[in-house]
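Nothing in this text is a laboratory measurement; each read-out follows from the coordinates by a stated rule. All values derive from a computational prediction rather than experimental measurement. Cβ: placed from backbone, ideal geometry, glycine included. Neighbour counts: every protein chain shown.
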Amino acid sequence: MLSFILRRLGTFIPTFIGVSIVSFLFIRLLPGDPILLMAGERGMSAERHAQLMVQFGFDQPLITQYWDYLTGILRGDLGISFKTKRPVWDEFFALFPATLELSLCAIVFAVVLGIPAGIIAAVKRGKWPDQVLMSTALVGYSMPIFWWALLLIILFSGMLGWTPVSGRISLMFFFPSGTGFMLIDSLRSGQAGAFASAVEHLILPTIVLGTIPLAVIARQTRSAMLEVLSEDYVRTAKAKGLGPLRVNGLHALRNALIPVITVIGLSVGTLMAGAILTETIFSWPGVGKWMVEGIGSRDYTAVQGGLLMIALIVMVVNLVVDVLYGLINPKIRR
Amino acid sequence: MASTDATTDSSLPEGSKRDSMLPDRLRPSPFKEFWGYFCENRGAIVGLFVFVAFILIALFADVLAPHSATEQYRDALLQPPAWQDGGSTRFLLGTDAVGRDMLSRLIYGARYSFFIGVIVVVISAGTGVLIGLLAGFARGWVDTLIMRLMDVLLAFPSLLLALVMVAILGPSLINAMIAIGIVLQPHYVRLTRAAVMQELPKDYVTSARVVGASRLRLMFVTVLPNCLAPIIVQAALSFSTAILDAAALGFLGLGAQPPTPEWGTMLADAREFVLRAWWVVTFPGLAILINVLAINLMGDGLRDALDPKLKRS
């Protein structure tokens, strides 16, 4: 097991270096030099320009610049935001809880609906519940989620007036952010209605972000269940006279869940990509919206830092999923 | 596709002539066999029909569209569709905020989405298959280097990487297509490499090598045709991903620029009218959904028909 983990780490480190090179090159590949980009349209004198080039180390050879960047990352230094002049690291982690909260809700939504849907489809294979569920899943899988978000807004916010359109909580409530998770903070604040308002704001973004993972999980659960249901031990369990609930629920599901768990782990990337769109539409103050705004306002150090951190998060989650998978399934370790 | 020949031939008794065992009329041509499997999947047929319809709409947009895609009818701003109060048959699906005909814009939009799909698949499959062949044949450090590079590309969420590349290249439809093509390419590299490594130890490759086929011939003439099945399935899937991602970039203002009637860009323009004029929001998204859904249905059918592992026995 240890050698498996070490081998997996052996591919993690080169990938990490590659990812850091990509994000390092990002600013240097932009047309124009970084200092001019920072100055924006105001421009600056030649002396000031030269002085800043030295100050930020852009006069050094590329390899030295990269080394400084890499050691900076390891110290938690992602540079200073062009726009806010605050450390990018701090900005990222101030916003990240919002993205994490939304992503967790979305994945819970996807799992809670997706796994039962997949099981029902597999057990009723070829019959109408299977066809209905799988057609729905395919529609969900093909959904342009930014449009889906607009449709839900038209229906639930516009026509029915049930849910708010944007933000994390109503402006009526104000309390210091403790954990960064609005659901927890609003409960802890003790203000009446704060928690309900936070939940209301979460519903639509959760549905939008969870739709594609939901479809993927339902399809994956169905095919994993179908595979397991044709195994000998399931037939044996049936032959022993065990009821369908016990056979499907206990014997089959436990093994079918292994690939499903991997899919859940691997959907972090999908969630991060989806968060960019979802957060932009619902004005959700997370890292996805921050990145889009960073590109719009040419805050390139912020974009660079976000790019690196999001890739790192995806990589770490994939690593953990792989190791867990190795723990559950010894065959994969070899 | 000649992929099954090796196995069928070995199952024949030695010395028997092929035609004595199986008359030609019982042995379907590879295309017929493929078509047979494809037709078993009703969804795939529906998908194919819709997709062909989209291609026809794209081709004949000039004839089909009742108005120009960019002409602004100042007397009919945000006019609702014909069947609603205030609508007229002049603009069947209504008009947008500057009085352009929705239906015509949607029809011309089919051109863009088809064009995006084709170009992105050509970019990603073209380079991806080449690199994958190289990795599979070269092995050793070349292989390791290529695969690590692909790991790096795959570590970034696709839309995020495309977004950042567009930020470097500048927002335009062409740059969006290049970025999406690069982002989707690692999947082809991995697929091709895996298929090549599966084919290389087979007898037919060895015999071609013994006969003295050059490396290039081995790569492109001997091995590649037998690796095509998963690549074709992937091409269908990335066609739909390309349309979705390009629309997403257009929606974020980083893809096609207004007044291009690209569906995602149309949605971006429509955002502020979301609660006032449902039709400017609903139709472009519906067009994207139907298009992507049709291609995914077709992709599922292709996979059933081409992927021997999943082929029903």
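Calculated on the Cα set of the stretch A:36-113, radius of gyration then Dmax: 18.6, 62 Å. Sorted ascending by nearby beta carbons within 10 Å, beginning with the fewest, A:201, A:251 become A:251, A:201.
Taking only alpha carbon atoms, the stretch B:66-195 gives an Rg to Rh ratio of 1.24, where Rh is the Kirkwood radius.
Peptide A:276-284 has a mean shielding of 2, counted as Cβ atoms of other protein chains within 10 Å of each residue's Cβ.
For residue A:289, a cut-off of 12 angstrom between C-alpha atoms picks up these aspartates and glutamates, skipping any fewer than 8 places away in its own chain: A:279. Distances between every pair of Cα atoms in the stretch B:152-212, grouped in 10 Å steps from 0 to the bin holding the largest one, split as 20, 31, 19, 16, 13, 1 percent. One chain, two ends: residue B:31 and residue B:198. Fully extended at 0.36 nm per residue, the span grows by 57.8 nm beyond their Cα-Cα distance. Where does helix A:2-29 land angle-wise versus the long Cα axis of chain A, in degrees 0 to 90, nearest 10? Helix A:2-29 and the main axis of chain A meet at about 40 degrees.
Calculate for the protein assembly as shown the 222 nm mean residue ellipticity that helices alone would give, adding -39,500 (n - 2.57) per DSSP H run of length 4 or more and normalising by residue count, nearest 500 deg cm²/dmol.
Dividing the helical sum by the residues of the protein assembly as shown leaves -23000 deg cm²/dmol.
Backbone geometry of the stretch A:133-150 corresponds, through the Karplus equation with coefficients 6.51, -1.76 and 1.60 at θ = phi - 60°, to 3J(HN,Hα) couplings of 5, 6, 5, 4, 4, 5, 4, x, 5, 8, 6, x, 5, 5, 6, 3, 4, 5 Hz, x marking Gly and Pro.
Here the extension length gained between residue A:17 and residue A:94 equals 25.2 nm, from 0.36 nm per residue of separation less the Cα-Cα distance. In percent, what relative contact order does chain A have, based on Cα pairs under 8 Å that are 6 or more apart in sequence? That works out to 27 percent. Eigen-decomposition of the gyration tensor built on the alpha-carbon atoms of chain A gives equivalent ellipsoid semi-axes of 43, 28, 17 angstrom, largest listed first. Take each residue in A:260-269, count the other chain C-beta atoms within 10 Å of its C-beta, and the mean is 1. Shown in residue order for the stretch A:296-306 are the 3J(HN,Hα) couplings computed by the Karplus curve 6.51 cos²θ - 1.76 cosθ + 1.60 at θ = phi - 60°: x, 9, 6, 8, 6, 5, 5, 4, 4, x, x Hz (x for Gly and Pro). Of interest is the spacing of the C-alpha centroids, which for the stretch A:91-158 and the stretch B:64-143 amounts to 25 Å.
Take each uninterrupted DSSP H stretch in chain B, measure its Cα extent along the helix axis, and return the ones at 24 Å or beyond whose mean Kyte-Doolittle hydropathy is at least -0.5.
Membrane-span-like by this rule: B:42-59, B:102-138, B:173-199, B:224-251, B:278-306.
The mean sequence distance of close C-alpha pairs (under 8 Å, at least 6 residues apart), as a share of the length of the stretch B:107-310, puts its relative contact order at 26 percent.
Hull volume per residue, based on the alpha-carbon atoms of the stretch A:1-136 and their convex hull, is 215 Å³.
For the stretch B:107-310, the fraction of alpha-carbon pairs lying more than 25 Å apart is 45 percent, rounded to a whole number. Extending 7 Å from the Cα toward the beta-carbon at both residue B:130 and residue A:53 defines two label points whose distance is 3.6 nm. Label-to-label distance, residue A:3 versus residue A:329, with points set 7 angstrom from Cα along the beta-carbon direction: 2.1 nm.
Legend: residue pairs B:32/B:202; A:127/A:238; A:127/B:32; A:240/A:331, Cα-Cα distance threshold 24 Å; pairs beyond threshold, B:32/B:202; A:127/B:32; A:240/A:331. The alpha carbon centroids of the stretch B:166-195 and the stretch A:210-259 are separated by 36 Å.
Determine, for each peptide in B:41-53, B:224-236, A:293-305, B:256-268, the mean count of other beta carbons within 10 angstrom over its residues, then list the peptides with the highest first. Present the calculation step by step, with values, prior to reporting the outcome.
Details: B:41-53: 16.9, B:224-236: 19.8, A:293-305: 21.7, B:256-268: 23.9.
Averaged packing, sorted descending, gives the order B:256-268, A:293-305, B:224-236, B:41-53.
Other chains near B:285-293: what is the mean number of their Cβ atoms within 10 Å of each residue's Cβ?
Averaged over the peptide's residues, the number is 5.
Every Cα-Cα pair in the protein assembly as shown was counted, and those over 39 Å apart are 39% of them. Taken along the Cα-to-beta-carbon direction at a fixed 7 Å, the label points for residue B:118 and residue A:112 span 4.7 nm.
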